[in-house]
Amino acid sequence: MYQQLPANMRPARGKQMFWYIDPAHTSVTFSVKHMMLSTVRGSLGKASGRIELDPAHPEQGDFEITVQVNGITTGDMKRDGHLASPDFFHVEKYPEISFKSKAIFPKADGRYTVSGDLTIREVTRPVSFDVELIGTAANGQGGLHLGAAASVTIDRSDFGLTWNMPIPNGVLVGDKVKIEVDLEAIDEASAKTRGLAA
């Protein structure tokens, strides 16, 4: 069980640290309306990336995350196959989704707006994630962990995901897609030990 770090073990103020995303404890999920009635939820594949962060000054940080789209799953094999096809993500040609931060704006209660570039199907658009920095914890083996949660709602058509089918009350698939990230990252030394950092 993780423990919150005591004050004398937390990263020093003014010290920028590198954290590496732990794919075993990170999930990227999405939700979208079906027939304007129900909400379909799914998850993407393995996430990787690096965070540069001084916990005392998170607004000076930098976030990079890449997600493998070929792991997409919604609980229905037929739908998953369609989402992986050229109609949607075209995973054979575009196997990854990526985000690179450009600016971080503090809000309140450990929350931030993280603006940057989201790339899907090689189409890059500016987006702003709502991010909560949950905190840091020690794993009892000398390593440090960082937790964060993030969400953003995009128009999928902005990224070339335009397939749809008209129905009497609108369209089959909504254009608004909510993306949520539950993220856990580990310190650089631990990441090197696990092969997550060079």
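The values are calculated or read from the model by the stated rules, or taken from the named source; none is laboratory data. Here the structure is a predicted model, which means the values were calculated and not measured. Using ideal geometry, Cβ is built from the backbone for each residue, glycine included, and neighbour counts are taken over all protein chains shown.
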query = Mind checking whether some residue in region 41-63 is surrounded by fewer than 18 Cβ atoms within 10 Å (Cβ to Cβ), modelled with pLDDT of 95 or more and of a type in the set (A, V, I, L, M)?
reply = no
Only one of 75, 45, 49 that is under 12 Å from the mean Cα position of the chain (by Cα), of a type outside the set (A, V, I, L, M) and on the phi > 0 side of the Ramachandran plot = 49
inquiry  = Checking the structure you have, find out if any residue of region 5-15 is at pLDDT 95 or above, farther than 22 Å from residue 156 by Cβ, assigned to a helix (DSSP H, G or I) and not hydroxyl-bearing (Ser, Thr, Tyr).
reply    = no
key: Close pairs from region 172-189: first in contact (Cβ under 8 Å) with a residue 60 or more places away in the chain, partner of a type outside the set (A, V, I, L, M, F, W, C) and in a helix (DSSP H, G or I), Cβ under 7 Å, at least 6 apart   = 177/156; 184/25
task = Tell me which residues, restricted to region 99-130, are within 13 Å of residue 149 (Cα to Cα) and either touching a residue at least 60 places away in the same chain (Cβ under 8 Å) or in contact with a helix residue (DSSP H, G or I) (Cβ under 7 Å, 6 or more places away or on another chain) (or both).
result = 112
query = Considering region 104-123 alone, what residues qualify as being out of contact with any Pro (no Cβ under 9 Å at 6 or more places or on another chain), surrounded by fewer than 16 Cβ atoms within 10 Å (Cβ to Cβ), within 22 Å of residue 52 (Cα to Cα) and at pLDDT 95 or above?
reply = none
request  = Could you list all residues from region 71-90 that are within 30 Å of residue 61 (Cβ to Cβ) and of a type in the set (A, V, I, L, M)?
outcome  = 72
query = Among the residues of region 31-79, which ones are assigned to a loop (DSSP other than H, G, I, E, B), of a type in the set (D, E, K, R) and in contact (Cβ under 8 Å) with a residue 24 or more places away in the chain?
reply = 46, 54
